[in-house]
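> Mind having a look at this structure? Questions to follow.
The values are calculated or read from the model by the stated rules, or taken from the named source; none is laboratory data. It should be emphasised that the depicted structure is a prediction, and the values quoted were computed from it without experimental measurement. Glycine also receives a Cβ, built like all others from the backbone with ideal geometry; neighbour counts cover every protein chain displayed.
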Amino acid sequence: MADTTVKTSEKSVLWDWLTTVDHKKLAVLYLLAGALFFVKAGIMALFMRIQLMFPENTFVTGQTFNELITMHGTIMLFLAATPLIFAFMNFVVPLQIGARDVAFPFVNALGFWIFFFGGLLLSLSWFFGGGPDAGWTNYVPLSSREYGHLGIDFYVLGLQVSGIGTLVSGINFIVTIVNMRAPGMTMMRLPLFCWTTLVTSILIVFAFTPLAAGLALIMLDRVFGGQFFITELGGNVVLWQHIFWIFGHPEVYILVLPAFGIISEVIPAFSRKRLFGYTAMVFATLVIAFLGFMVWVHHMFTVGVGPIANSVFAIATMAIAVPTGIKIFNWLFTMWGGKITFNTAMLCASSFVPTFVLGGVTGVMLAMAPVDHLYHDTYFVVAHFHYIIIGGIILGLFAGLFYWYPKMFGHHLNEKLGMLTFWLMYIGFHMTFFIQHILGLIGMPRRVYTYLEGQGMATMNMVSTIGTFIMGAAVIVLVINHVYSAYKSEKVTVRNPWGARTLEWSTQTPVPEYNFAQTPQVRSLDPVFYEKVHGDGNMKPAEPLDDIHMPNGSIYPFTIALGLFIMGFGIIMFNMDNPIIPPLAVTIIGGVVVFGSMFLHSIKEDHGYNIPVERVKEELDKEVG
Amino acid sequence: MADSVDISKGLPPNPEKATLEGQNKFLGFWVFLGGETIMFATFFGTYLGLRGGTADGPTSADVFSLPLVFIMTMILLTSSLTSVLAMFAMKKNNFKALMGWMWVTVLLGAAFLGLEIFEFYEYSVHYGLGYTTSAFASSFYTLVGLHGAHVLFGLGWITTLLVRYRKSGITLTNAPKFYVASLYWHFIDVVWVFIFTVVYLMGVGV
Amino acid sequence: MSTRKGIMRFFPFALLTLLLAGCGEEGLTALDPMGPQAQWLFDNMMLSLYVMALVIIVVFTLFFIAVIKFRKKPGDEEIPEQVEGSKTLELTWTVIPILLLVILAVPTVTGTFMLADTTPSGPEGSGDSGEEELDEDEIEEDGVTIEVTGHQYWWQFDYEEGFTAGQEVYIPAEEKVEFELHAEDVIHSFWVPALGGKVDNVPGITNNLWLEADEPGVYQGKCAELCGPSHALMDFKLIALDRDDYDAWVEEMSQDPEEFEPAEDDETMANQGREVFEQEGCIGCHAIGGQGSEQGPTLTNFGDRETLAGYLDPTDENLDEWIRYPQEVKQDNNMPGFPDMEDEDMEALIEYLQGLSVQD
């Protein structure tokens, strides 16, 4: 069927990256984009903490501060944490299940570019009169057409576009994990990272669609005169809060479950023990995901939904503590009796466990609905979710970064600098956020751009700000580490530098574009470890060496995403005072680009290309040599 | 893998699921429809929450015309049936019948869409129920209009398939495409049944 | 609460309580509760903190033992035993957390309904937290209900007696007082940390909240829901008075509008100020004694205010700046500035405003 053999080296590097559908290259793109947005939102956090360093400080105005909090939250969740997690999912999942690529390589590229252009659209707001300013929750009526500025339109359209990207990627991962597993890789032999990816993807499908609907409602209100949130004309402002949190609460699990997955990979690898209670871990993940959809009202205890609803949702929220507790103890008992090696990856992964517990217990405290009337919308909540996000997700991501880095890039990150990053991050993080619990209880609401003298908040805010600078230093060290290691670190040529247990460590380093020369036959959970103990240390092949069929690259994902970007920008232009070009024209141009690209893609039959068996053999020999 | 299916003896009995690509499309599309369901559910919830918010404008009982909507429902249900007949034809490897039934489906869909446009025109011009009149109006037009947009997209999609493969016969490449398109068409139909019940029947009942 | 004392005896966490109570400013911090609701919230927060401390101790102990005891020794390449799991252990850490959660679930449900019962108590029902049954008739007669409306960025308080107060809400002490919460523009949230929890002011919806102060005093209030650039400055004061003082205050505030105007024939500064107030159009937004528009905060008892613009000291200089350059004092508020007002007029206006007092 496939007869055109295209060598990637013939094309320019830029064109190669723009058109790639290789999950490993897309992972690198996700990593880069996520890191850029992470640094950007981190700098915003520094600005916010500088403003809060002294009482009644005037470093930024209230308006600018509101734009900073909104963009910090939105970027961190949608454009930093999500793509960083997607980077690891993209790179690791096909390797861990023994597949040559994801189910829909084209859609995979599409997901990345749409996400990226959505993020770009949101970021453009700074050049058109300021960012969105209604908080990442974007509550109406503060974001309605009467009170919200143009920045809100960038929020709505930017998230709408990037959400489409996240959604199609989610669908792709589900199909990949269900359909593309290597022979013998049953569901109950899936590494836990794959399980959490699967569950997260399901959450994405069911949580990002309500968000898309909700954002559409705000857009229709703001741009086309809808009355959904206008109380005078029968609208209801609490409706948005329900829709937002039906998305927003699962979103927390969308981010934290993959972090759980990474921890569940790293801890067994460096404890030299299999994961304690694998089955319980899988079911705990499923239960957390299920309950995650049943608890959204706990973000709205003070909105006035009534005592019965509050009680029910409070109890449901508390119930999540049980499966989470199961996970915590299973990780502890994975380490228990093991032979633990402490490097940066393991430091991050193991310290994740107690740190996450600190965030979890405040979560249970917050679940007590009546007492939440005290905590709600104060710095106590800010402290709580940063314990979950930094103490959970970021530590998980750091662990994953140091763990999979040699597989992704062919060299280790420097361990000494890595340890320094970890300790700076860990100390700075506790300094910044522990004290914020108390700040909330002594009466500091969240999202305030300043506080008054004589309210007893000055010292604690100063401590918190110093902690933020230490975290900033940690990130700088991490960046230096990447550059330093790229030049100074020794090349990794062995397949399994850590002595780890899962399938991604059974293929060559760096990974060839076809992942596996021969699809492996899986005989157990932790297959690489199993073959080391019960076999000759190598995976048994499930097929003979043969030509390998690969999909061609395509520029259409890029152009479709570009079209969506233009369309989104066109819709925003309806609300601009002086748009120069007619907004409708811009929107239509965007639509033509989108549907034109889709049409061209669908009428062009593309059968991919074959990598001849000789080249596969050559690369295998090269590794031995 | 795709190339490993032996088609020298003719097409297998379920051509749409014979290849891994076909299976992937099949599963992926089901997941997509799951997401779509939740999205429609959100709009249904919005409509239910806001349908009382008429703000002195026309109410649902004032404007809805059941006979017209009933005819629309029948047309769309019939189009779903014809797409099933097309799928039967595909499984029997009867390309001509497949094309024929699919074209009937498209025509019925177009008729439905025409009636819907007429309906919206009636409501907005004769009853003064504009999009911006009230929260009820906004949520009604958004929910039903989104369904209409899905119908329109489905018509474009199926027509593209019909034109593109008009001479190719049934192959392992296009069988999943037709199958998925008909799945989408059923989905649109099911959503309409809910709209008919929740929006129209409940709307004139109160 | 007797259960709390019982727990305190068993745990050395009383120290923690003391430590926490040392933080923050009296009259603001929730760690120094000054009313029955705040006390209930504090007690139950501490209860959950004790339960959670137990969890933390168990996890941290296991964690530190594991990371210290089970480190890999150099040169030890032996593979440790591969344990699949343990039914007993896994059952233990499923059941025990459930039991701990039940301890917290009970006050969660009772507390939710306790907070939801906002019926005001009247003067006789002092000192309880809504647990005792009250005589229905008495409630009808004496219970205080105050309507609270949130605006960008100030608070309006409407009393049943028909008058309005801005920025500072007076309540009788030792009584459960009901607040009916509304919002004029965007969502706000009404919070007096030292007295109890917050409830949101949502446009188009009426929410209810009750608060009670154990003693007369001034309590600081805050807006807890992001409402715009000056959200941080949307502070207010809750002033609890003895019942007799409160009744007297209500009577003063409910006087006829004429009572608040300076005597006609007098050529005082205040009289000039009143003229400025009318000529410059202040009265178009600010009412005094019910006379004038209520678009902005009522100024009937402006001279009694603890703060200016919700957060400044009420000095003449601050008032001058506030009237001339309101956007610099409180970004995005709705008051137009009067930068060009004659000094003489300004002086008279300030004199007039600062003299508006109902407390002799």
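> Please enumerate the residues belonging to region C:168-191 that are assigned to a loop (DSSP other than H, G, I, E, B), within 11 Å of chain A (Cβ to nearest Cβ) and over 24 Å from A:Leu366 (Cα atoms).
Result: C:Glu184, C:Asp185, C:Val186.
> Right, another one. Given the options A:Phe356, A:Phe329, A:Phe352, name the one that is surrounded by 23 or more Cβ atoms within 10 Å (Cβ to Cβ), at the interface with another protein chain (Cβ under 9 Å from one of its Cβ atoms), in contact with a Gly (Cβ under 9 Å, 6 or more places away or on another chain) and within 26 Å of C:Met46 (Cα to Cα).
Step by step, each of A:Phe356, A:Phe329, A:Phe352 is checked, and only A:Phe329 is surrounded by 23 or more Cβ atoms within 10 Å (Cβ to Cβ), at the interface with another protein chain (Cβ under 9 Å from one of its Cβ atoms), in contact with a Gly (Cβ under 9 Å, 6 or more places away or on another chain) and within 26 Å of C:Met46 (Cα to Cα).
> Select from region C:23-78 the residues that are in contact (Cβ under 8 Å) with a residue 12 or more places away in the chain, polar (S, T, N, Q) and assigned to a helix (DSSP H, G or I) and list them in ascending order.
If the condition is that a residue be in contact (Cβ under 8 Å) with a residue 12 or more places away in the chain, polar (S, T, N, Q) and assigned to a helix (DSSP H, G or I), then C:Gln37, C:Gln39, C:Asn44, C:Ser48 are the ones that fit.
> If you don't mind, another one. Among the numbered conditions (1) within 22 Å of C:Asn208 (Cα to Cα); (2) within 11 Å of chain C (Cβ to nearest Cβ); (3) at pLDDT 95 or above, tell me where A:Pro323 comes up short.
The number of the failed condition is (1).
> Restricting attention to region B:162-175, which residues are modelled with pLDDT of 90 or more and touching a Phe, Trp or Tyr at 6+ places or on another chain (Cβ under 8 Å)?
B:Leu162
> Hey, among C:Ala165, C:Ala232, C:Ala194, C:Ala248, which residue is part of a loop (DSSP other than H, G, I, E, B) and small (Gly, Ala, Ser)?
The conditions single out C:Ala194.
> Take the conditions at pLDDT 85 or above, in a loop (DSSP other than H, G, I, E, B) and within 27 Å of A:Asp377 (Cα to Cα) and apply them to C:Asp158. Does it pass?
When the stated conditions are applied, C:Asp158 does not pass them.
> Mind listing whichever residues of region A:82-107 are aromatic (Phe, Trp, Tyr) and either in contact with a strand residue (DSSP E or B) (Cβ under 9 Å, 6 or more places away or on another chain) or within 14 Å of chain B (Cβ to nearest Cβ) (or both)?
Listed by number, the residues that qualify are A:Phe104, A:Phe106.
> Return the pair list, or none, for Cβ contacts closer than 7 Å from residues in region A:120-132 that are touching a residue at least 40 places away in the same chain (Cβ under 8 Å) and surrounded by fewer than 24 Cβ atoms within 10 Å (Cβ to Cβ) to residues that are of a type in the set (D, E, K, R) and assigned to a helix (DSSP H, G or I), at least 6 apart or on different chains.
These pairs meet every condition: A:Gly130/A:Glu67.
> Then there is this: In region B:22-56, which residues are part of a loop (DSSP other than H, G, I, E, B), buried (at least 19 other Cβ atoms within 10 Å of the Cβ) and facing chain A (nearest Cβ under 8 Å)? Before you say what the answer is, go through the steps one by one.
Within region B:22-56, the first condition is being part of a loop (DSSP other than H, G, I, E, B), and the residues that meet it are B:51-56.
Next cut, buried (at least 19 other Cβ atoms within 10 Å of the Cβ) only: B:51, B:53-54.
Listed by number, the residues that qualify are B:Gly53, B:Thr54.
> Another one. I'd like the full set of residues that are crowded, with 24+ Cβ neighbours inside 10 Å, facing chain B (nearest Cβ under 7 Å) and in a helix (DSSP H, G or I), limited to region A:215-234.
The answer is A:Leu217, and nothing else.
> Considering each of A:Ile572, A:Ile548 in turn, give the residue that is in contact (Cβ under 8 Å) with a residue 60 or more places away in the chain and touching a Lys or Arg at 6+ places or on another chain (Cβ under 8 Å).
Working: A:Ile572 fails: touching a Lys or Arg at 6+ places or on another chain (Cβ under 8 Å).
One residue alone meets the criteria, A:Ile548.
Here is a yes/no grid of residues against (1) in a loop (DSSP other than H, G, I, E, B); (2) of a type in the set (A, V, I, L, M, F, W, C); (3) touching a residue at least 24 places away in the same chain (Cβ under 8 Å):
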position: A:Leu452; (1), (2), (3): yes, yes, yes
position: A:Thr468; (1), (2), (3): no, no, yes
position: A:Ala473; (1), (2), (3): no, yes, yes
position: A:Asn496; (1), (2), (3): yes, no, yes
position: A:Val511; (1), (2), (3): yes, yes, yes
position: A:Lys532; (1), (2), (3): no, no, no
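> Please go through (1) more than 20 Å from the chain's Cα centre (by Cα); (2) surrounded by fewer than 23 Cβ atoms within 10 Å (Cβ to Cβ); (3) not in a loop (DSSP other than H, G, I, E, B) for A:Asp372 and return the number of the only condition it doesn't satisfy.
A:Asp372 satisfies every listed condition except (2).
> Of the numbered conditions (1) modelled with pLDDT under 95; (2) in a strand (DSSP E or B); (3) not acidic (Asp, Glu), C:Leu115 satisfies every one except a single condition; which is it?
(2)
> Can you pull out every residue in region B:57-84 that is outside any helix (DSSP H, G or I) and under 24 Å from the mean Cα position of the chain (by Cα)?
Result: B:Phe64, B:Ser65.
> Can you find a residue in region A:561-575 that is surrounded by fewer than 16 Cβ atoms within 10 Å (Cβ to Cβ) and assigned to a loop (DSSP other than H, G, I, E, B)?
Filtering region A:561-575 for residues surrounded by fewer than 16 Cβ atoms within 10 Å (Cβ to Cβ) gives none.
Checking region A:561-575: not a single residue is surrounded by fewer than 16 Cβ atoms within 10 Å (Cβ to Cβ) and assigned to a loop (DSSP other than H, G, I, E, B).
> Being assigned to a loop (DSSP other than H, G, I, E, B), of a type in the set (Val, Ile, Thr) and modelled with pLDDT of 95 or more is the filter here, so list the residues in region A:419-449 that pass it.
Passing the criteria: only A:Val448.
> Just one of C:Glu351, C:Glu306, C:Glu294 is touching an Asp or Glu at 6+ places or on another chain (Cβ under 7 Å) and either closer than 28 Å to C:Leu241 by Cβ or small (Gly, Ala, Ser) (or both); which is it?
That would be C:Glu306, the only listed residue that is touching an Asp or Glu at 6+ places or on another chain (Cβ under 7 Å) and either closer than 28 Å to C:Leu241 by Cβ or small (Gly, Ala, Ser) (or both).
> Restrict the check to region A:166-187 and report whether at least one residue is touching a Ser or Thr at 6+ places or on another chain (Cβ under 8 Å) and away from chain B (no Cβ under 14 Å).
There is no residue in region A:166-187 that is touching a Ser or Thr at 6+ places or on another chain (Cβ under 8 Å) and away from chain B (no Cβ under 14 Å).
> Where in region A:47-163 are the helices (runs of 4 or more DSSP H), entirely inside, with at least 1 residues that are among the charged types (D, E, K, R)?
Details: elements: A:62-74, A:82-96, A:105-123.
The helices (runs of 4 or more DSSP H) meeting that bar are A:62-74.
> Which members of region B:120-149 meet the condition of being part of a loop (DSSP other than H, G, I, E, B) and not small (Gly, Ala, Ser)?
Filtering region B:120-149 for residues part of a loop (DSSP other than H, G, I, E, B) gives B:127-134.
Hits for region B:120-149 are B:Tyr127, B:Leu129, B:Tyr131, B:Thr132, B:Thr133.
> Sticking with this structure for a sec: Check B:Thr142 against each of (1) within 30 Å of B:Thr19 (Cα to Cα); (2) surrounded by 20 or more Cβ atoms within 10 Å (Cβ to Cβ); (3) among the β-branched types (Val, Ile, Thr) and name the one condition it does not meet.
(1) is the only condition that B:Thr142 fails.
> Can you say whether B:Leu152 is facing chain A (nearest Cβ under 9 Å) and either assigned to a helix (DSSP H, G or I) or without any contact (Cβ under 8 Å) to a residue 12 or more places away in the chain (or both), as far as the supplied structure shows?
no
> Select from region A:570-617 the residues that are over 17 Å from A:Ser554 (Cβ atoms) and small (Gly, Ala, Ser) and list them in ascending order.
Result: A:Gly570, A:Ala585, A:Gly590, A:Gly591.
> Still on this structure, I have one more. Among the basic types (Lys, Arg), in a loop (DSSP other than H, G, I, E, B) and within 14 Å of another protein chain (Cβ to nearest Cβ): does that describe A:Arg501?
So A:Arg501 fits the description; yes.
> Please find, within region A:452-475, the residue that is farthest from the other protein chains (Cβ to nearest Cβ) out of those that are among the hydrophobic types (A, V, I, L, M, F, W, C) and buried (at least 18 other Cβ atoms within 10 Å of the Cβ).
Selected residue: A:Val475.
> Looking at B:Met74 and the list (1) buried (at least 17 other Cβ atoms within 10 Å of the Cβ); (2) away from every other protein chain (no Cβ under 14 Å), which single condition is not satisfied?
In the conditions (1) buried (at least 17 other Cβ atoms within 10 Å of the Cβ); (2) away from every other protein chain (no Cβ under 14 Å), B:Met74 misses (1) alone.
> Quick one: how many residues across region C:286-303 are within 20 Å of C:Ala348 (Cβ to Cβ), surrounded by fewer than 17 Cβ atoms within 10 Å (Cβ to Cβ) and in contact (Cβ under 8 Å) with a residue 40 or more places away in the chain?
Selection size over region C:286-303: 1.
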